[in-house]
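None of the figures in this text is laboratory data; all of them are computed from the coordinates on show. Nothing here was measured: the structure is a model prediction, and the numbers come from that model. We place every Cβ from the backbone using ideal geometry, glycine too, and count neighbours over all the protein chains shown.
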Amino acid sequence: MADERQAESVNAAYWRANKALIAVLLVIWALVSFGFAILLARPLYGVHVGNLPMSFWWAQQGSMVVFVLLIFIYAWRMDRLDEKFDVHEEATVRQVKRARRAAEAEKEEGR
């Protein structure tokens, strides 16, 4: 019973951390997409990137670049979070192997 409660607590902490990471990354994405491209369009119009106004550049290129960077940041942080809570791929593979060995042992005992 205590192990089950501890597992539930760890699971809840994992998902709380996961949701917090997603929320932070979505806020950054929204600020970049809407903030730079729409809300700050007039102040950024006077600044140029090449021949283009910076507000146009953020709307067309910058927000996509930031979005791709956020994908990589999410994958990197989730790998670290998975390792912290021991739910990374290696742990999952170990659990599957353990379950297979247990099933094979039960099969042999039943014969």
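Can you tell me the dipole magnitude for the chain around its Cα centre, using point charges on the Cβ only (Lys, Arg +1; Asp, Glu -1), in Debye to the nearest 20? Each step should come with its number before you reach the end.
Working: 14 positive and 13 negative charges, 67 e Å.
I would put it at about 320 debye.
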field: In nm, spacing of pseudo-spin labels at Ala41 and Asn18 (7 Å Cα→C-beta vector)
entry: 3.8
task: Please give the helix 89-110 orientation as an angle from the longest Cα principal axis of the chain, in degrees from 0 to 90, rounded to the nearest 10.
output: 20
- line: Between Gln61 and Val27, the two model label points (7 Å from Cα along the beta-carbon direction) sit apart by a distance in nm of 2.9
field: Among Ala13, Val49, Ala103 the positive-end extreme of the charge dipole of the stretch 2-110 (Cβ point charges)
entry: Val49
query: Using a simple spin-label model with points 7 Å from Cα along the Cα→Cβ vector, what separation in nm is obtained for Leu70 and Glu104?
result: 4.6
task: Compute the long axis of helix 2-30 from its Cα atoms, compare it with the longest principal axis of the Cα atoms of the chain, and write down the angle in degrees, 0 to 90, nearest 10.
output: 20
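Which value, in Å to one decimal place, does the Kirkwood hydrodynamic radius take for the stretch 2-110 when every pair of different Cα atoms is included? Present the calculation step by step, with values, prior to reporting the outcome.
Working: mean 1/r = 0.0567 Å⁻¹.
Every distinct Cα pair counted, the radius reaches 17.6 Å.
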- prompt: Taking only Cα atoms, what is the 0 to 90° angle, nearest 10, from helix 63-84's long axis to the longest principal axis of the chain?
  reply: 20
